[in-house]
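Take a look at the structure set out below.
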Amino acid sequence: MSLDAAMMRATAPAILPGSGGLRGALSDLFWRKPKVLLLLMLLPPVLWLGIVYIGSLFALLAQSFFSIDEFSGLINREFTLKTYGDLFQAANLDIILRTVTMAALVTLASAVIAFPIAYYAARYARGRWKALFYLGIMLPLWSSYLVKIYAWKLILAKEGILTWLLAKLHLLWVLDAWLSLPIVGGNSLSVSFTGTFIVFVYVWLPFMILPVQAALERVPGNLVEASSDL
């Protein structure tokens, strides 16, 4: 290599010269080390998840080893297993049994209702119909949880629109007969096991439809046709 060529190469500008200022330095750093940019982008949600969510769960777990003074109602911050021992009382065991039973029934009913809806949306809905599907599924999620609960409480009450409709159709005796049943009935549909079941299915159904629909869209259509021959 001649001396002139070596001097020209030494004095030639870099392919990617560094930018000036703090903004340019940060841009160069993120370009050369993309993992640093990824770390900075993941840091806020990880801190939120770790401190606010998981931290609150650990705080709740720590407080579960405290007890409440039955006379003053104040928290006694001494390590004890009294709270866990209270779980095995008859009243608490009944609450746990009813909660687990309700959760299982709501999950099963949501799966049965969600699958045909999700299958139609994944296989047949196109264009505007698919947009209407997403709108109909997401619309209940736009209101708060408490608003939906109170709205259903009014709908299912004795003075609600459902009782009025059944009275107009001369079917109020069906509701009265159902409410007279020992487990699923009650004084009113809004406070009965049946009413609670209906509300929970309504609240959690979108969370069952959307994942099932997304999973069905990833299944190739030719596999579905081939499975029909088996």
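The values are calculated or read from the model by the stated rules, or taken from the named source; none is laboratory data. Note that the structure is a prediction, hence the values are computed from the model and not measured. When we count neighbours, we look across all protein chains shown, and the Cβ atoms used for this are built from the backbone with ideal geometry, even at glycine.
Miscellaneous remarks
- Close Cβ contacts (under 7 Å, 6 or more residues apart or on different chains) running from residues in segment 148-160 that are in the same structural domain as Ser188 (by TED's automatic domain parsing) to residues that are of a type in the set (Val, Ile, Thr) comprise Lys148/Val203; Ile149/Val199; Trp152/Val199; Ile155/Ile161.
- Some residue of segment 196-206 being modelled with pLDDT of 90 or more and either hydroxyl-bearing (Ser, Thr, Tyr) or more than 20 Å from Ala104 (Cβ to Cβ) (or both): yes
- Set Ala91, Ala103, Ala118, Ala109: member being loosely packed, with under 10 Cβ neighbours inside 10 Å and either in the same structural domain as Val184 (by TED's automatic domain parsing) or in contact (Cβ under 8 Å) with a residue 24 or more places away in the chain (or both): Ala91
- Residue within segment 206-213 that is of a type in the set (S, T, N, Q), assigned by TED's automatic domain parsing to the domain that holds Thr99 and not in a helix (DSSP H, G or I) present: no
- Residue match in segment 30-52 (condition: modelled with pLDDT under 85, in contact with a Ser or Thr (Cβ under 9 Å, 6 or more places away or on another chain) and surrounded by 11 or more Cβ atoms within 10 Å (Cβ to Cβ)): no
- Residue match in segment 176-191 (condition: among the hydrophobic types (A, V, I, L, M, F, W, C), in the same structural domain as Val112 (by TED's automatic domain parsing), under 20 Å from Ala104 (Cα atoms) and in a helix (DSSP H, G or I)): yes
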